[in-house]
Structures are given as structure tokens and as C-alpha cells.
Amino acid sequence: MKILIAGAGKVGTSLTAQLSLEGNDITIIDMKARKLESVMETYDVNTMEGNSAASSVLKEAGVMDVDLFIAATSQDEVNLLSCITAHTLNPNLHTIARIRDPEYVEQAYEMRNTFGLKLVVNPERMAASEIARLLKYPGFLQRETFAKAKVEIVELRLDQKSRLNDVQVKNLQQVVRCQILICAVLRNGEAIMPHGEFTLRAGDRIFVTGDSENLHSLLRSLGIITMPVNHVLVAGGSRISYYLAQELRKNHIAVSIIESDEQKCEALAKMLPYATIIHGDASDQKVLEAEEIGSYDGFVSMTGLDEINMVMSLYANMAGVPQIVTKLGRGENTAILDRLGIGSAVVPKELCTMHIVRYVRAMQNQKGAAITVHKLADGQVEAMEFTVDEHTRHIGEPLKDIAIRKNILIASVSHGMRAEIPHGNTCFQEKDTIIVLASANSSINSINDIFEE
């Protein structure tokens, strides 16, 4: 597929990395030659220096011949105008715009036909929703839902006292007494899909599949106390903080926001009358001590600097805050992050990227395309949800008789309202939902791609 991307920032570069890996023909536009040079050094893509909102630049970049245009510059107005111009030049074009400003988001969605938009994405709102979900359901580092919330994949870290230490995967159910499946393990920065003889160790991050009831039974069995979060302290008054405060209010969770910029504090106080806005520097330990950080149920570090966010989260961990979320702009150096007590890490660009990648995959293969795609194990594993249709191979055959490609795992099969952890005699039928895990470089575009030829 031919794809034109406007903007070589974090989201644009992340999209370029993922979509070029999947064999798409990518051209990226940006005003800054330095950014384009950096992209060209890393990826096999075409580049075009210029303003993506100008018709002359779009024409020279080949907008008439591409299938999809993604506007991901740092300016919402440029993204909207770029999509309007691109769609006018090529009416058959699919267009996606990143819109960040709260004043534009609803308007862009309501007027998407006028703007020629097929999809509007907002990384900040996506990040806020993810953070709110982690705070609403404490106990897990990551929590992804599939099959209309009937199936979940959650992440846990095994500490020195965990009952799962030195337990082989095949003996798991004897220890935890519930129906779950460990579908991936992250050890020393490497993702592993464990076999029955695999032995769990302290320090492992494990990814577990099951329904909500069994997963909560797992927490109880492991002695992980999950007290509800009632009051959250947010460090940084960013757009994500604004969206997060709205999400937390829906869940009846009180929120306090610390912001060093006085004007931002005044603006937040007007927009969020139900939140407590504190003028101060959250990176200053004295400010956090004065605010009695240890008395909060949750802490979210949300400044624009990853290093400061990590330090604040470490301090919150030392202060005994039970639920911690750290916003990261990049998400690299995961092997180092894995050893730090910064709680759950949320990377907005990755959430946005996978949302768009899912749309692209659906465009490429309407039949059998993934309904949902989530990144796990620091991006090394993808969890995908498929619906079995009339084109799906091996319907009605036991899994033990089906040849599955290497490094691919069927983690769950849902029949209507009933989800099961698959075994050798499990069969899937039309309209069933299948959750598949695969290494991120497997390029699974449709359900039939998981089978051997």
C-alpha cells in the first residue's frame, strides 16, 4: 500500500517504523530537512521537504497515487488543512488526522466528512483513557481487553516473594487454582513465549490471559492486594492531565494536579472546577512532601521530560503510593526501565501508532483483518483479535491437528459469551473470536496468516 505521512515527529516516525516494516511504500513530508535525514538514515522510505498543507507539495509527493494520507504534524490546523487539500486532490484517498487540542477534537469528529477525514486520532486522549483504566483496575502493570471485555491480557511483575517463583508453566494451575494462561514472559529485555517446561523467576514480567473473574482470582491467590483508588495526584498540567481528570471524574476518583506554570494553573482551574489545582514544581521533593504524596492512592507523572517523570515515580514508590503510572514520550531503553519501580509505563505515541496501524491493516485486508491490536512485552509481541468468518481456514478442526506458524500462540477462543483457554481439542467456528499472540515482526495481516501453508 502507498502511504503518505505528514510530520516526522514522534508519531510520524513511529508510524514510519511500523508501516515500513510491514512492507508498505512510505513517503514522509516535513518542513525540517534534519528530521527527514534522520528518518532516511534509519528506514527505507521516500522523503519530501515542504509544507504538507500546500497542494504543490502534496502533488510533488505523489498524493494522486497514494492510498492513505496521515497528517501527524505538531499543528492541528495544518493537519486539518492538509487532509482537506489531499482529499480534494484525490477524492478516493483515505485520510487520518492527529488532533490534540480539546477545542478541535469534537469539532473535527463531527465535521469529519467536511474535512474529508476517515479517522481522527488524539494521542493525549488515548493516553488518558489508558491511564484511567489502569487506575480504575489496580493490581496490574498493563491491562488489555478483547472480545467485548470477555477476555483480558494483563501484565504482572514477579518479585522475590512471589508464589510463582521457580514454578514451571505446566504446573501453574496447581499453584494459582484458576483458569489462566501465561502467554508471554519478558526476561532481561527479551520476550519469550513459554512452553510447559519453562520455569518462572523473580524479576520476570509475565503476560497472562483469562477472563476478569479468573484474573482477580489470580491476584487473590498471589496475595496482591488491590485496594480501590479514590484520590490521585498528577504531576504536570498537560493536555493528558486535562483529559485524565475528566476520565477520573466519570469513575468517581478525586484528582489533584501540580503544575509549575501559574497561567496553566488558572486555565486548568477554570476548565476543571471539580479538580484541585496546586501551583508548584512537582519535581521538587519538598513540594511532594508538603502535599503528603504518601497519602494518595495513585500517582501519575506527566511532565514533558521522561527523566523527571521517572524520578518522581521512583519517589512516589519510595513514599508507598500503591498505584503509579509514568508517562513516557519515547519508551526506549526498556531493559533499564524494567528494573525501575516506576509502575505502569504509558507511551502516547505507541497507543496512537497501533490505532492507526490497525486501520491500515483493515484497509489492506477487509476479510479476516484484526479487530484489535495491542503491543505487549515492550513492543516485542502483538496481541491481535480476529473474528472467524467463512473465509477462515480450519473451521471445526481440533487445534492439535492444525499447523500453526512458529512464534505464534492462540491464547483464547470465544464462543458467543463463553471464552476458553484453548487446548488440543478446542475447535473454532464461524463468528467465534480468536486472540492470537505473535512476535512483532511476524506481519500478521489476517487470521489465515497464522497457519502454515
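The values are calculated or read from the model by the stated rules, or taken from the named source; none is laboratory data. In this text, all values refer to a predicted model and were calculated from it rather than measured experimentally. So basically every Cβ, Gly included, is an ideal-geometry build from the backbone, and we count neighbours across all protein chains shown.
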Residue ID - nearest to the chain's Cα centre (by Cα), chosen from residues in region 293-318 that are in a loop (DSSP other than H, G, I, E, B) and either at pLDDT below 95 or within 25 Å of Lys349 (Cα to Cα) (or both): Met302
Test: residue in region 43-64 that is surrounded by 14 or more Cβ atoms within 10 Å (Cβ to Cβ) and either assigned by TED's automatic domain parsing to the domain that holds Ala362 or closer than 29 Å to Gly237 by Cα (or both): no
Tally of residues being outside any helix (DSSP H, G or I) and at pLDDT 90 or above across region 2-23: 8
Qualifying residue in region 167-175 (condition: under 29 Å from Ser301 (Cβ atoms), out of contact with any His (no Cβ under 6 Å at 6 or more places or on another chain) and surrounded by 17 or more Cβ atoms within 10 Å (Cβ to Cβ)): no
Per-region count, region 371-389, residues more than 27 Å from Arg187 (Cβ to Cβ) and either buried (at least 17 other Cβ atoms within 10 Å of the Cβ) or touching a Lys or Arg at 6+ places or on another chain (Cβ under 7 Å) (or both): 4
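Table: residues versus (1) more than 29 Å from the chain's Cα centre (by Cα); (2) among the aliphatic types (A, V, I, L, M).
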{"position": "Asp25", "(1), (2)": "no, no"}
{"position": "Met31", "(1), (2)": "no, yes"}
{"position": "Lys35", "(1), (2)": "no, no"}
{"position": "Ser38", "(1), (2)": "no, no"}
{"position": "Ser55", "(1), (2)": "yes, no"}
{"position": "Glu60", "(1), (2)": "yes, no"}
{"position": "Asp67", "(1), (2)": "no, no"}
{"position": "Thr88", "(1), (2)": "yes, no"}
Residue selected from region 351-395 under the condition among the charged types (D, E, K, R) and touching a helix residue (DSSP H, G or I) at 6+ places or on another chain (Cβ under 7 Å), by the criterion farthest from Glu453 (Cα to Cα): Asp378
Residue match in region 136-150 (condition: more than 19 Å from Arg358 (Cβ to Cβ) and among the polar types (S, T, N, Q)): no
Residue within region 217-233 that is of a type in the set (A, V, I, L, M), crowded, with 21+ Cβ neighbours inside 10 Å, over 22 Å from Arg133 (Cβ atoms) and in contact with an Asp or Glu (Cβ under 8 Å, 6 or more places away or on another chain) present: no
Count - residues of region 307-318 that are in contact with a strand residue (DSSP E or B) (Cβ under 8 Å, 6 or more places away or on another chain) and over 19 Å from Phe140 (Cβ atoms): 4
Residue match in region 245-252 (condition: among the acidic types (Asp, Glu), touching a helix residue (DSSP H, G or I) at 6+ places or on another chain (Cβ under 9 Å) and in a helix (DSSP H, G or I)): yes
Any hit, region 92-108, residues being surrounded by fewer than 17 Cβ atoms within 10 Å (Cβ to Cβ) and either touching a Lys or Arg at 6+ places or on another chain (Cβ under 6 Å) or closer than 30 Å to Val436 by Cα (or both): no
Residue selected from region 319-332 under the condition charged (D, E, K, R) and in a loop (DSSP other than H, G, I, E, B), by the criterion surrounded by the most Cβ atoms within 10 Å (Cβ to Cβ): Glu332
Qualifying residue in region 239-246 (condition: surrounded by fewer than 16 Cβ atoms within 10 Å (Cβ to Cβ) and either free of Cβ contacts under 8 Å to residues at least 12 places away in the same chain or not aliphatic (A, V, I, L, M) (or both)): no
